[in-house]
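Q: Got a structure for you, written out below as structure tokens; questions coming shortly.
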Amino acid sequence: MTQHQTIRSSPRSTEPLLSVRDLRVTFQRRDERAFKAVDGVSFDVRPGQTVGLVGESGCGKSVTSLAIMGLLPKRGNTVEGEAVFDGDDLLSLSPSQMRDRRGADIAMIFQDPLSSLNPVITIGRQVTEVMERHQGLSRKEATPKAAELLDRVGIPDPKARLANYPHQLSGGMRQRALIAMALACSPRLLIADEPTTALDVTIQAQILALLKELVVDTGTALVMITHDLGVVAGLCDEVNVLYGGKIVERGGRHGLFRQPRHPYTVGLLDSIPRLDAPRGEKLNPVPGSVADNLPWDSACAFAPRCSHRVDVCTREMPRWDGDDVVGFRCFNPVGGPR
Amino acid sequence: MLRFVLRRLLQMCVVVLVLSMLLFAWLRSLPGGPVSAILGERQTPERRAALEAALGLDEPLPVQYQKFLQRVLQGEFGVSTKVLPGTDALDVFLTRLPATIELAVLALLLAVVIGIPLGYFAARRAGSAVDTTTVIFSLIGVAVPVFFTAFLLKYFFAVEWNLLPVSGRQSTGIDATRVTGLFVLDGILTREWDAAWDALKHLILPALALATIPFAVIFRITRASVLDVLDEDYVRTAEAKGLSTGVIRSRHVLRNAMLPVLTTIGLQAGGLLAGAVLTETVFSYRGVGEALATSFREKDYAVLQVLILAAAVIYVVINLLVDIAYAVIDPRIRTR
Ligand SMILES: Nc1ncnc2c1ncn2[C@@H]1O[C@H](COP(=O)(O)OP(=O)(O)O)[C@@H](O)[C@H]1O
Ligand SMILES: [Mg+2]
């Protein structure tokens, strides 16, 4: 408890646990130009830190996380760059070395809890199999631990739940079970890819509160992926905003919300549903869609949708203005240049 | 689980009852009716009336159906006229049954034991040359009629190259002891190895012919199903847990992929009798299929009745077994 609090109070002084450098993922689609889903993404996660990756659907959040986990499809894509975790570049580990890491050092939870659970295997088995794999426990030894885990993630009557199948649990309980599986081997890093998107609003809040509580208790670092800036507001130490496969803005949890610089971040902030807004009032989303973005090579990909656009935006690619803690990628940022 | 089985058993009884009505209706609507079938077309009205009365055909339909059902339940179907003249129709069925069981079991075994691993293998290498080749062969397997496959096999392996027997179940000159009527099993039980081997040699070609379509279908469904399951989110979850490839394949992929395959196996098993009619005829293999063909051609209605009813019961029982197996694998059906 005390240990990770010291870490939290001075996150920047510690060596990063995960350091992603210039990550690029290109999909080769049949009869089409190669498609850059992730286009030079760099960010750090320090021990115990919670880092957000935010952006509209299709901006490359899932692909980024799957690339780090080594879970992209085996064919049809190339991954470049580095993802250094604890001294090793995950992207150059062998598949079997990566298998030893996944589930043990780095765990992941996914968006749709129902489809992410095997429908024909009990919850208990799906929890114990991780411990059997990485901790050398027998199924019998792992079972009471599985019950403890379910209890810890707030599943009532955990012993009975072990024998249940996924379809017998509610959506929120399923996501809790998946969190239990991810935390079974006390990983140092947890990647959560839109863990609340498929859930009801009230359940969403509960799951977020649970994740927050667990990362604080265990000191696990968390990469929180979401399309909803509202989700990261109370959770993340650092937020990265992604657009078209590139990070367009990064900031601390206070700075980014108080003084967003990139017009896209401003748009995302405006689109957060407000509790005090009159019911039925239209949200204010960023106009346009990701589909009409340009490649980053010769312009700002966000330019076609941008209200702050100036001439240079369509002629040149904006450079990163900042460092690995705060910064943005914009010729005409909100609030003027730095 | 028990309630599930009981419910299915009850449904099964209803199905068989309905089938028996259809059978009754069909027998009644035969050209000229049973009387012509027995006496021939040219008979005096007096003799026809006498037989009709003897058979109870002058009574109202519900009464006739009730009597028909009673006879069926007591196993009285009448006497065979053509297949095994003079023998009780039910006995004809029972003597022929082991031959067809032996053939069908071997054929289905071949189809499953080769089809599932090959389908899995092709799915793992989807898009490769091996995959494409096997898929094309399976397409051919489905498209070629059974009797043609049977004929080709017989022509080359038995007639031209003389590698395997041309017809029958056992060579003349082999004096085998009969225990179950399943010749290969009998040979093994009595340790008459030469008899077992001889019976097996007789089985190979018909079984191969009978297996082609079920094999091709099972192969294709397994391949498609494994491909589907490999794309499932829960397989990605299993990968994210760092589980070994073996565990992911057996526990997470195969088990889910088997669900549609199981249904297919059931359907194919049910369809084997149709295939057996053709295969057994080509190889003069004296089983139920051959009896069905003969009784139909020669209008041996007593035997035909038994065979149709038996086929229906077998079909329904196979379906029940598939449903039970399904419930064992899939908890979503079992725990509701
Ligand atoms: N396996 C794949 N093959 C081809 N394109 C893909 C694949 N996976 C993702 N993409 C594309 O990459 C882009 C980023 O996707 P993704 O990371 O899933 O977005 P999100 O930010 O919503 O998670 C999308 O345009 C998507 O179509
Ligand atoms: Mg996504």
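Q: Mind giving me the nanometre distance, one decimal, between the label points for B:L27 and B:E59, set 7 Å out from Cα along Cα→Cβ?
A: Simple spin-label model gives 1.3 nm for this pair.
Q: Please compute, for peptide A:88-100, the average count of beta-carbon atoms on other protein chains lying within 10 Å of each residue's beta-carbon.
A: The mean count of partner-chain Cβ atoms within 10 Å per residue comes to 1.
Q: What are the residues whose amide H is under 5 Å from the amide H of A:A299, where those residues sit 5 or more places off or on another chain and H is modelled from the backbone?
A: A:M317
Q: Across region B:196-204, in residue order, what do the Karplus-derived ³J(HN,Hα) couplings come to in whole Hz, using 6.51 cos²θ - 1.76 cosθ + 1.60 with θ = phi - 60° and x for Gly and Pro?
A: Karplus-based 3J(HN,Hα) across region B:196-204 equals 4, 5, 5, 5, 4, 4, 5, 7, 4 Hz.
Q: Based on DSSP H runs of at least 4 residues, each adding -39500 (n - 2.57), what is the mean residue ellipticity at 222 nm of the protein assembly as shown after dividing by all its residues, to the nearest 500 deg cm²/dmol?
A: Calculated at 222 nm, the ellipticity per residue is -16500 deg cm²/dmol.
Q: What FRET efficiency comes out for A:S298 versus B:V113 if R0 is 56 angstrom and r is the Cβ-Cβ distance? Round to the nearest 0.05.
A: Using R0 = 56 Å, I get an efficiency of 0.40.
Q: When we measure straight from the Cα of B:K299, which lysines land under 25 angstrom away, once same-chain ones fewer than 8 places off are left out?
A: Straight-line reach from B:K299, under 25 Å: B:K67, B:K82.
Q: On to the next question. Rounded to the nearest 20 debye, what is the charge dipole size of chain A about its Cα centre when +1 sits on each Lys and Arg Cβ and -1 on each Asp and Glu Cβ?
A: Computed charge dipole of chain A: roughly 360 debye.
Q: Where in region A:44-80 does the amide nitrogen come within less than 16 Å of the point 7 Å from the Cα of A:A34, taken along Cα to Cβ?
A: A:75-80
Q: Based on Cβ point charges of +1 for Lys and Arg and -1 for Asp and Glu, what charge dipole magnitude is obtained for region B:233-336 about its Cα centre, in debye rounded to the nearest 20?
A: I would put it at about 540 debye.
Q: If I model a spin label at A:R258 and B:F151 as a point 7 Å from the Cα along the Cα→Cβ vector, what separation in nanometres do I get?
A: With each label placed 7 Å out from Cα toward Cβ, I get 9.0 nm.
Q: Now a separate question. State the answer as a single residue: which of A:P337, B:L259, A:A34 lies farthest towards the positive end of the charge dipole of the protein assembly as shown, with beta carbon charges of +1 for Lys and Arg and -1 for Asp and Glu, about the Cα centre.
A: The Cα lying farthest towards the positive end belongs to A:P337.
Q: Within chain A, which complete DSSP H helices have Cα atoms spanning at least 15 Å along the helix axis and a mean Kyte-Doolittle hydropathy of 1.0 or higher?
A: Passing helices, by number: A:201-218.
Q: Follow-up question, since we're still on this one. Assign unit charges at the C-beta atoms only (+1 for Lys and Arg, -1 for Asp and Glu), then state the dipole size of region B:89-335 relative to its Cα centre in Debye, rounded to the nearest 20.
A: 540 debye
Q: Between A:L222 and residues 5 or more places away or on another chain, which pairs have amide H atoms under 5 Å apart, with H built 1.01 Å from N, and which residues are they?
A: Amide H neighbours of A:L222: A:Q49, A:T50, A:V51, A:L190.
Q: I'd like the Karplus ³J(HN,Hα) series for region B:97-103: coefficients 6.51, -1.76, 1.60, θ = phi - 60°, whole numbers in Hz, and an x wherever there's a Gly or Pro.
A: Whole-Hz 3J(HN,Hα) from phi for region B:97-103: 4, x, 4, 6, 4, 4, 5.
Q: To continue, here is another question. What is the diffusion coefficient of chain A in µm²/s, taking the Kirkwood radius over Cα pairs and the Stokes-Einstein relation at 25 °C with a viscosity of 0.890 mPa s?
A: My calculation gives 117 µm²/s for D.
Q: How do B:L97, A:L211 rank when sorted from fewest to most other Cβ atoms within 10 Å of their own Cβ?
A: B:L97, A:L211
Q: Hey, fewest Cβ within 10 Å first, where do B:W161, B:W26, A:W296 land in order?
A: In increasing order of surrounding Cβ atoms, one gets B:W161, B:W26, A:W296.
Q: Taking only the alpha-carbon atoms of the protein assembly as shown, what semi-axes of the equivalent ellipsoid follow from 5 times the gyration tensor eigenvalues under a square root, in whole Å, largest first? Before the final figure, lay out each step's value.
A: Values: eigenvalues 959, 145, 128 Å².
After diagonalising the Cα gyration tensor, the semi-axes are 69, 27, 25 Å.
Q: Can you list residues whose amide H is under 5 Å from A:N77's amide H, if they're 5+ apart or on another chain and H is modeled 1.01 Å from N?
A: A:Q28
Q: In whole Hz and in residue order, list the ³J(HN,Hα) couplings for region B:274-284 that follow from phi through the Karplus curve 6.51 cos²θ - 1.76 cosθ + 1.60, θ = phi - 60°; x for Gly and Pro.
A: In residue order, the calculated couplings are 4, x, 5, 4, 6, 4, 5, 5, 4, 9, 6 Hz.
Q: In nanometres, what is the gap between the two model label sites at B:V142 and A:D200, each 7 Å from Cα along Cα-to-Cβ?
A: Inter-label distance under the simple model: 4.4 nm.
Q: With equal scatterers on the alpha carbons only and no solvent term, can you work out the Debye log10 of I(q)/I(0) for region B:239-293 at 0.20, 0.21, 0.23 1/Å?
A: The Debye formula, applied to the Cα set alone, gives -0.72, -0.76, -0.82.
Q: Can you find, among B:F219, B:A325, B:G115, the residue farthest towards the positive end of the dipole of the protein assembly as shown? Put +1 on the C-beta of Lys and Arg, -1 on that of Asp and Glu.
A: The Cα lying farthest towards the positive end belongs to B:A325.
Q: Next question. Order by neighbour count: B:T44, B:T87, B:T279, fewest other Cβ atoms within 10 Å first, most last.
A: Values: B:T44 9, B:T87 15, B:T279 33.
Listed from fewest to most nearby Cβ atoms, that is B:T44, B:T87, B:T279.
Since every read-out is calculated from the coordinates, none of them should be taken as a lab result. The structure displayed is predicted, hence computed values, not measured ones. Note that we place each Cβ from the backbone using ideal geometry, even for glycine, and neighbour counts take in every protein chain shown.
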